[in-house]
Amino acid sequence: MTTLADPHKESFRLSMLLNDTRYRSLTFQFIALVAIIATMAFIGGNLVRNLAEAGLNISYDFLGAQAGYDINQRPISYDSQDTHGRAAMVGLLNTLIVAFLGCITATIIGVVAGVLRLSPNWLVRKIMAFYVEIFRNVPVLIWILIIFSIMINAAPAPNAFRGDEPTASMWLFDSIAVTNRGVYLPKPVWGAGSLLVVGVFIASIIGIFLFRRYARKQLFDHGKLIPTFWPSVALFFIPVILAQLVLGTPVSLEYPALKGFNFRGGITILGSLIALWFALSIYTGAFIAENVRAGILAVSKGQTEAAGALGLRPGRIMNLVVLPQALRVIIPPLISQYLNITKNSSLAIAVGYMDLTGTLGGITLLQTGRAIESVLLLMLFYLIISLSISFFMNIYNNTMKLQER
Amino acid sequence: MSDTHAQTVAFVRETEIPQSPPPALEAGAVKWVRENLFSGIFNTVLTLLALYVVVRFAIFVFPWFYNGVWEASSRKECLDILREAGKGTGACFAVLVDRWDHLVFGFKYPQDGYWRILLAFLLLIVAAGPALFSSLPRRMLLFTAFYPFLAFWLVWGGSLWLPLTILGLIIATMLVFRLISSQIPVNIRQIVSGVIGVICGAGLAYLLFIGAQELVFIANSVGTEGMIAPIAYGVFWIMAIFAFVFCVPMGIFVGYAIYNSYEDGGLVSIVASLLFGYLAFVYLLSPIWMALNSIIPIELQAVASRDMGGFMLNMLLGTICVSLSIPLGILLALGRQSPMPLIKGVCVVFIEFIRGVPLITLLFVANVMLAYFLPPESNFDLILRVIIMITLFSSAYIAEVIRGGLAALPKGQYEAADSLGLDYGQATRLIILPQALKISIPGIVNVAVGLFKDTTLVSIISMFDLVGMIRGPIQNSTEWTSVYWEVYGFGAMLFFVVCYSISQYSQWLERQLNTSHH
């Protein structure tokens, strides 16, 4: 028995695939699948034919072959006898180094500039606006090249430090040399017993944390405000210095010294790394400054006024009330700025800093002629770095989020 | 009470005393300075520090700028002139005068053709006007639509008839669409639909059959040796079987669908006009423009793409890629919002992949890899490959901006469109996109500015844009080696002027479009 409420049992017609919303999306997806397969066939067929014509094949064997070129900054041991694969690893580490350094300094510059852009001081405000606009509106490549040129042309050559009347001198008790080839810093030498010093140092850092937690607990439980800043500083330095003195300076410094045509010893920070690092941080800092400013403006004025009514000073209002709330607005765009720094660090190739692009996408590609393999691998590396940065930063962002009921 | 008061008070003022001026420290410029510069110890220190920085900067830059030498043939001559004049520092702006053409137009563009670039640039401003400022007459948009063809002719040269014929064929294609969708009676349309359905169905089946063969060919050349190869071999075989099995059913289905749409004319008119456009471009384009050109030759000296250079190249890449990537970005954003998992998945993978890699790797793809993926007989030149890759790059970013705009629309807008009975296309075109795009304009402008700055990256794959020009021919020349402040400063200034004005425009537009009443 049929009633009016029963739907019509429609027989399936071909036109329903197009005109019936129940099936239409399936049809479209099927057509899309066919289109994707057709594209794959087109691209793949071209690739196979072009490779056959050029007498090439796809093979990653070159990664095991001897690289035969030098890399000027080696976080892990590497020489020209090593493989292309190891050269790519060195490049990857160099990329991570400059990206990491850049993220830290860009954040500092950005937060300072962003806060100062809202300063009551007219002159400071204007200078910071000038900084932000100048750096945001000029390509980062031009900044990298300008700063690199300044490094090369304005810093003294190593031989300027030579002779009885040197035209250049080292800084900080002859420990730091700034030359046009790079900056030379003292390097710690780990002697016998240095493990103990490091142990003391780590213990004192843990001590600082425990002390601060104790002070906080005292404040919350008993309302006693214990000063934390100077005790922390003391805890940071004194145990290590004591350990050094008692154990007879197991950790000593090796100073850079002029030997031959260049400085030897110590840590070398390449001019290209400094140019890239500085340019990336100051360029991205301008963007972060804008994010910080927007974040601070997003905190309602009532918060500042309430904090002022409680008797907090402007500095503490910023630190304790405004910035923690602004952070929630600032962090998401900050993540994408970190990603930008990582991606822009590939411009290292313009100043000869041997990062991933310089090794795998540069010399390895040119030497082996393995263009497809190198570029694909290069993209894969960057993709992994980007995805992991956004993954970890998103976790951090979720912990910082306002806990809503 | 009041009595005693009246007796004790000897004097009551009956007139109001005139207002006294505020204390000198609390008025005018002094007050402003006190409040804005010296309101506390910290602020005073900050002000003095800032003043020190500004003064040092001025002392450093002004003599350098003021003493600048504008006429010299080499850096050495510049330094000689400065030394003779007894000036310590001075810029050598002569490099800009000497290499002006190179910096702006590149070193291969024919000199007597510079007016073409300038004219194209001026017309760009006219063409962009109505798109940027809604107060300008709407009729000017006609010129905007015509501009790409004119600019192509001006920049690349050749015969004017080529772009005009292309334009004519596009208009003809649109007329075919109009004609089939509305003008002709249904019974004729049924016949047309049948014919087009058969052609398209057969063509599609044939294409898929070839595709299946191609996939088998790929699978066999991949082989089964190694670790990844067997998987790829299997995948390609599965796809080949899929394509083979479905080539005839797909052909029949699509042919039927086209035939079946004769009543409302939607699908058939799209397919027919695309078919017409394709055939017209393949078989009609070159005969027509060559014939027209032989009757009335209007020609400019043709310039090859590889001869473009200097700031002009940056402008070219910037304008072309931004304008191409906005429609592509809209499609990607809509695809990412789509409820269909396959289409959504493809868009997500594409967008996240592009956003995860640096532009320079995509330029490497354009430089060394893309040629392998295209048919052996096709020869896209480098600039075209770079345009393709930069467009893909920026479309992913624009798609994310527009997705933000789409997500910001209240759900009620979608539901209202549905309740009015609009289909997906109408709702998107009439309700969703106008509002979503309005929200996304500042973001799109940001992407555009970023993209324009990123066009300097092409210098790394040895194209001679502004930066490539400076790093290559200028700094490597014997006369101008180690001149860097002047040239980079000039480059920075050009970019600053363009990018700053765009961002100011965006802020102005944001205020204009803020039609909500808070």
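Some points to look at:
- Against chain B, whose longest principal axis is taken from its Cα atoms, helix B:285-295 shows a tilt of about 70°.
- Exposed loop sites were defined as trypsin sites (Lys or Arg not before Pro) in DSSP loop states (anything but H, G, I, E or B) carrying at most 16 other C-beta atoms within 10 Å; in chain B the longest segment without such a site runs B:140-518.
- Net charge dipole, chain A: roughly 1340 debye, given to the nearest 20, about the Cα centre with Cβ charges of +1 for Lys and Arg and -1 for Asp and Glu.
- With neighbour counts taken as other beta-carbon atoms within 10 Å, the residues B:Leu300, A:Leu360 rank, fewest first, as B:Leu300, A:Leu360.
- For the protein assembly as shown, the list of Cys residues with no other Cys C-beta under 4.7 Å reads A:Cys103, B:Cys200, B:Cys247, B:Cys321, B:Cys347, B:Cys499.
- Cα centroid separation, the stretch A:363-398 to the stretch B:236-287 (Å): 39
- Derived scalar couplings between HN and Hα for the stretch A:201-209 equal 4, 4, 4, 5, 5, 4, x, 4, 4 Hz in order, rounded to whole Hz, by the Karplus curve 6.51 cos²θ - 1.76 cosθ + 1.60 (θ = phi - 60°), x for Gly and Pro.
- Each distinct pair of alpha carbons in chain B adds a 1/r term; the inverse of their mean, the Kirkwood radius, is 29.4 Å.
- Values of log10 I(q)/I(0), in the order q = 0.13, 0.17, 0.22 Å⁻¹, for the stretch B:115-215 under a Debye, Cα-only, solvent-free model: -0.77, -0.88, -1.08
- Annotation: lysines with alpha-carbon distance below 18 angstrom to B:Lys76 (same-chain offsets under eight excluded): B:Lys87.
- Summed over qualifying helices (DSSP H, 4 residues or more, each -39500 (n - 2.57)) and divided by its residue number, chain B shows a 222 nm mean residue ellipticity of -23000 deg cm²/dmol.
- Of the chymotrypsin sites (Phe, Trp or Tyr not before Pro) in the stretch B:349-456, those whose Cβ has at most 16 other Cβ within 10 Å and which sit in DSSP loop: B:Phe380
- Legend: Rg and Dmax of the protein assembly as shown, from Cα coordinates, 34.2, 122 Å.
- 21 Å Cα-Cα threshold exceeded, pairs from B:Lys411/B:Lys438; A:Lys301/B:Lys438; A:Lys187/A:Lys259; B:Lys344/B:Lys411; A:Lys343/B:Lys453: A:Lys301/B:Lys438
- Taking the Cα centre of the stretch B:265-412 as reference, the dipole from Cβ charges on Lys and Arg (+1) and Asp and Glu (-1) amounts to some 580 debye.
- Amide H contacts for B:Lys87 (H built 1.01 Å from N in the peptide plane; partners 5 or more residues away or on another chain; cut-off under 5 Å): none found.
- Length-normalised contact order for chain A - Cα pairs under 8 Å, 6+ apart - percent: 22
- Ranked for footprinting exposure by Cβ neighbours inside 10 Å, fewest first, B:Leu48, A:Leu96 give B:Leu48, A:Leu96.
- Across the stretch B:231-236, computed HN-Hα scalar couplings (Karplus, 6.51 cos²θ - 1.76 cosθ + 1.60, θ = phi - 60°) run 4, 4, 4, x, 4, 5 Hz from first to last residue, x flagging Gly and Pro.
- Under a 5 Å amide H cut-off, with hydrogens placed 1.01 Å from N, A:Asn72 pairs with A:Met354 among residues at least 5 apart or on other chains.
- Against the rule of thumb 2.2 N^0.38 Å, how large the Cα Rg of the stretch B:169-241 comes out: 1.86
- ³J(HN,Hα) computed for each position of the stretch B:14-27 - Karplus, 6.51 cos²θ - 1.76 cosθ + 1.60, integer Hz, glycine/proline x: 9, 10, 7, 6, x, 5, 7, x, x, x, 4, 6, 10, 9
- Rounded, prolate or oblate (a/c below 1.5 giving rounded, otherwise prolate when a/b exceeds b/c) for the stretch B:309-517 by Cα gyration tensor: oblate
- Extended-chain gain in nm, criterion 0.36 nm per residue less alpha-carbon gap, B:Val97 and B:Arg13: 22.4 nm
- Given charges at Cβ of Lys, Arg, Asp, Glu: the stretch B:352-416 dipole, positive-most of B:Leu384, B:Ile402, B:Leu370: B:Ile402
- Legend: ranking of residues A:Leu225, A:Leu185, B:Leu384, B:Leu363 from fewest to most surrounding C-beta atoms inside 10 Å; resulting order A:Leu225, B:Leu384, A:Leu185, B:Leu363.
- Spread over its residues, the convex hull of the C-alpha atoms of the stretch B:160-300 is 151 Å³ per residue.
- Whether the stretch B:1-137 is rounded, prolate or oblate, judged on the alpha carbon gyration tensor where a/c under 1.5 counts as rounded: oblate
- Kirkwood-type radius of chain A, with distances r between different C-alpha atoms, in Å: 27.0
- Seen against the Cα atoms of chain B and their longest principal axis, helix B:114-132 is set at about 80 degrees.
No value in this document is a laboratory result; all are computed from the given coordinates. Bear in mind the structure is a predicted one, so any value in this text is a computation, not a measurement. When we count neighbours, we look across all protein chains shown, and the Cβ atoms used for this are built from the backbone with ideal geometry, even at glycine.
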